[in-house]
Amino acid sequence: MRLITVLLLFLATTSLLNAGDSTRTIYAFRIDQPPVIDGRLDETIWDESKSISGMIQRVPDEGRPASQKSRFWIAYDDANLYVAARLYDTHPDSVIARLGRRDAGVQADRFGIFIDTYRDRRSAYFFGLNAAGVYYDGVITNDSRFDDDWDAVWTGKTRIDKKGWNAELQIPLNQMRFPRETVQHWHVNLGREIMRRREETYYVFWPQNENSFVSRFVPLEGISHIKPSQNVEILPYVRIRNQHSPHVAQDPFHTGSEYDVAIGADIKYGLTSTLTLNATVNPDFGQVEVDPAVVNLSDFETFYDEKRPFFIEGASNYSFGRGGANNNWSFNWGSPNFFYTRRIGRRPQGSAPYSAPYSDVPEGTRILGAAKVTGKIGSHINVGALSALTARESAKLSDDGANQYTREVEPMTSYNVLRLQQEHRNGRDGLGVMVTALNRFFDDPALKSEMNSNALAVGLDGWHFLDKERVWALSGWLGYSRIKASPEHMLSVQTSAVHRFQRPDFNYISVDSQRTSLSGFAGRINFSKEKGNWLFSSALGFIQPEFDVNDMGFQFGSNVINAHIAGGYQFTTPTSWYRSMSALGAVLTNMDFDGHVTSRALWSMINWQSLSYLNAGMGMFATPGVTINTNRTRGGPITTNLPSISVFSFFSTDRSKNLSMRLNGNYSASVSGSHSHGVSGGITYRPMDNVMLNLSPSYNFNFQDAQWVGVFDDAEASATYGRRYVFAELNQKTFATAIRVDWTFTPELSLQLYAQPFISSGRYQRFKYLQKSGGYDFELFTRHGTLSKQDGTYHADPDGPAGAASELTFGDPDFTFADVRGNAVLRWEYAPGSLLYFVWTQSRAFFTNNSDFTPGRQLSDLITNEPADNIFLIKVSYWLGL
């Protein structure tokens, strides 16, 4: 009843905002002679009488006319769309023109055009330039979700003069998909940023307190008799790679230097006027940035972002469960990702190499080929389909350095995804389906006990706006998964960190050693407010214990029912002491399928921005009561979570300045005695407009009162079902920093340097074991028993030599892990769409059971004493547009 009352109050106080001004129409004109794209705007076609003007501020003075005058032109011929902008500035010497790589978030004056060619009022292309000539392009989905991973082949130039600056764009029509109609009826918007004022202006006003952007666009009229092209683009490449790594005596596989050459190609083909095929044969991704180092002391998988161009471009086509509403808040909810592209081409999963002293294991599974189809069927059905085939991989092994043999470590595997989404009533309603299917083709029967043979996932999602102004939105999704495997592997799936069916007090489900398949459901429904200063979000979601999409997706866990109610207020009208401010809060709870409350918490946060663009905020996350923990014993009995609180804060300066800084801090504490604190920050400095230096250090201290050590059979441990669950206090210290240097010579030529030193040390002490199920009670081994350490091995006896309990032995868990990794990438776009890369990657690392934390000495020892693994790579590609 309280929830209904709250919803009625929000509905009653909602102020409805108007959609885009349909009276403002932009007209494009046809030209016979294409202009020279040089940024001068000295051709007669750019006559002032044909220009467009009248920009409105979004920030800082919302709703007021732009502080500087702008004029725009849109022209076209049979092959291209031409956009010109005369961006006046009363202080042209103050125009901020900074260089960076394409799509880089460089703080500079910018201009852009946004084009909805499908007239669906939810998706669009965008193209833009900053004052230094840096390219920006991408797509917009879900009305206001920007994705700059899509790169088109087009031309643009800028020029700064005494009146301000100019931008001139030539966009080939074959880079966009649009209907095959005699007269085109597109929708557009134009935008400009004046960085010294942090001013953001648009031709069609976009209020700060709403998420609707594309749906506000105005008509672009005057374009006719152009034909969608069945565009064909081929991007062949050649890659030369040389790796220098440490050589171990008698190792027959790694001589210290390895050399290889690869050839492949990317292909883009316009199947129809609205559908595009992208294919890749033998792709290579050696130019991508290295992953950061981490120390993961849990048994859950670490998530890494996708960085490979073929997979990140157009990734929004496979977004699932997040359509319609943009206020998709979540708290303590790990939403399953149905399609995690890093599964394709990952490191082989077979265990054979670990049985041999010498091995040569492929770093990744070779992708034989991949293809994807994206676009629309008709005007309202979005399509995304992808299929990839990875090679069968074998490891070379040797037990003595002389005799060699091979073992299959990854079978040939087929990955397939289909995504369909249909919109109704100009995007007010939508319904979609997503299907993923994986099949592995085993040659070695032994691998059937190590991985699933096939996996299927099916999901339905959709949304519905409850009012024509699109203020209130109802959205959600429902998913089904099914995996198949041999009984041996299915047993390991059931006892994995995602499922934990083996828990002795798990009543909902138990391990079935004869099971050969597993299927389950998951879903979530969200009710949110999408416009206005008042904010509201509520959601209810569940993941059954049997649900599993990890073969093609990413899933942190299962066995959860999650709900939250959140709200707040955003102040968007500047006053004498803030430019903007927001206050947010939420209540949330989690349960498992046995009915245990696993989390019940309060969350709040305040954000503030000053008139000088200083940003600050703070918040807290508190769990005031005792709840159940189903993961601490890693498949053992439940324990409890004691009350805890976490607080965090953040601060940053104006990013448009040559020197900017940021600082974040956090502290958490529990009644159990566990506590942690951390600080991170960053300094960005631009000594010149084309050079950026960035340093991002962090330090974290973590004290865990009960850190997992291991589990041992012990018939005397009847209170914990015949097993002894061993824990210890952990003192962990971690230091890391990211160092980045971007030197951009021209918009087409740049050098990037990146390095990440990382050190983490952990010391375990006061070893103890869980006394009983369902609580947070531990017994030190030294209280009634013995604990000793000999030659790096601990010997623990719960009741001493005279007792009946068995002695337990386990290795020293203390650790120090140090790692330095980085790369240098020289990128040259020597012709439109054609790239040349020179890449150097280096990594060094060491691991020891010494828990001393001396970052300076350890980094010095790492760099001077540990051998390096160096990779040198040259890759050249050439774009062919047919």
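Look through GLY54, GLY105 and report the one residue that is surrounded by fewer than 18 Cβ atoms within 10 Å (Cβ to Cβ) and either more than 28 Å from the chain's Cα centre (by Cα) or of a type in the set (A, V, I, L, M) (or both). Step through it out loud before you land on a result.
Working: GLY105 fails: either more than 28 Å from the chain's Cα centre (by Cα) or of a type in the set (A, V, I, L, M) (or both).
After ruling out the rest, the residue left standing is GLY54.
Residue count for the range 551-590, restricted to those that are open to solvent by less than 30 Å² (accessible area, probe 1.4 Å), of a type in the set (S, T, N, Q) and in a loop (DSSP other than H, G, I, E, B): 4.
Would you call ARG740 under 19 Å from ASP103 (Cα atoms), in contact (Cβ under 8 Å) with a residue 12 or more places away in the chain and either open to solvent by less than 70 Å² (accessible area, probe 1.4 Å) or touching a Gly at 6+ places or on another chain (Cβ under 6 Å) (or both)?
It is true that ARG740 is under 19 Å from ASP103 (Cα atoms), in contact (Cβ under 8 Å) with a residue 12 or more places away in the chain and either open to solvent by less than 70 Å² (accessible area, probe 1.4 Å) or touching a Gly at 6+ places or on another chain (Cβ under 6 Å) (or both).
For the range 422-448, taking the residues that are among the aliphatic types (A, V, I, L, M) and closer than 19 Å to ILE525 by Cβ, the one that is surrounded by the most Cβ atoms within 10 Å (Cβ to Cβ) is identified as MET434.
Pairs meeting the criteria (first residue in the range 776-795 and touching a residue at least 12 places away in the same chain (Cβ under 8 Å), second residue open to solvent by less than 40 Å² (accessible area, probe 1.4 Å) and β-branched (Val, Ile, Thr), beta carbons under 7 Å, at least 6 apart or on different chains) are TYR776/THR639; TYR776/THR640. A single member of ASN382, ASN337, ASN403 is open to solvent by 20 Å² or more (accessible area, probe 1.4 Å), of a type outside the set (D, E, K, R) and either touching a helix residue (DSSP H, G or I) at 6+ places or on another chain (Cβ under 6 Å) or modelled with pLDDT of 90 or more (or both), and it is ASN337. Could you check, for the range 355-364, whether at least one of its residues is within 23 Å of the chain's Cα centre (by Cα), at pLDDT 90 or above and open to solvent by 20 Å² or more (accessible area, probe 1.4 Å)? No, the range 355-364 contains no residue that is within 23 Å of the chain's Cα centre (by Cα), at pLDDT 90 or above and open to solvent by 20 Å² or more (accessible area, probe 1.4 Å). Scanning the range 516-541 for residues that are assigned to a loop (DSSP other than H, G, I, E, B) and either surrounded by 16 or more Cβ atoms within 10 Å (Cβ to Cβ) or among the acidic types (Asp, Glu) (or both) returns GLU530, GLY532, ASN533.
Scan the range 220-271 residue by residue and report those that are in a strand (DSSP E or B), under 30 Å from LYS376 (Cβ atoms), hydroxyl-bearing (Ser, Thr, Tyr) and open to solvent by 40 Å² or more (accessible area, probe 1.4 Å). Of everything in the range 220-271, just one residue is in a strand (DSSP E or B), under 30 Å from LYS376 (Cβ atoms), hydroxyl-bearing (Ser, Thr, Tyr) and open to solvent by 40 Å² or more (accessible area, probe 1.4 Å), namely TYR269.
I'd like to check something: does the range 723-745 contain any residue that is touching a strand residue (DSSP E or B) at 6+ places or on another chain (Cβ under 9 Å) and not in a strand (DSSP E or B)? No: the range 723-745 contains no residue that is touching a strand residue (DSSP E or B) at 6+ places or on another chain (Cβ under 9 Å) and not in a strand (DSSP E or B).
Flag: ILE509 does not match the condition of being outside any helix (DSSP H, G or I), more than 24 Å from THR630 (Cα to Cα) and open to solvent by 10 Å² or more (accessible area, probe 1.4 Å).
Going through (1) open to solvent by 40 Å² or more (accessible area, probe 1.4 Å); (2) within 41 Å of the chain's Cα centre (by Cα); (3) of a type in the set (Val, Ile, Thr) one by one, THR782 falls short only on (2).
Could you tell me how many of the residues in the range 57-73 are under 27 Å from GLN208 (Cβ atoms) and in a strand (DSSP E or B)? Selection size over the range 57-73: 7.
The one condition from (1) surrounded by fewer than 19 Cβ atoms within 10 Å (Cβ to Cβ); (2) over 30 Å from the mean Cα position of the chain (by Cα); (3) closer than 21 Å to ALA85 by Cα that TRP186 does not meet is (1). Among residues of the range 704-717 that are under 19 Å from ALA802 (Cβ atoms), those with a beta-carbon under 7 Å from a residue that is open to solvent by 50 Å² or more (accessible area, probe 1.4 Å) and of a type in the set (Gly, Ala, Ser) at least six positions away or on a different chain give the pairs ASP714/SER806; GLU716/ALA804.
The values are calculated or read from the model by the stated rules, or taken from the named source; none is laboratory data. This is a predicted model, so every value here is computed, not measured. All Cβ positions, even for glycine, are placed from backbone atoms using ideal geometry, and neighbour counts span all protein chains on display. For the accessible areas, the whole protein counts, side chains as well, though only heavy atoms, and no ligand, DNA or RNA atoms are used. Shrake-Rupley method; radii C 1.70, N 1.55, O 1.52, S 1.80 Å.
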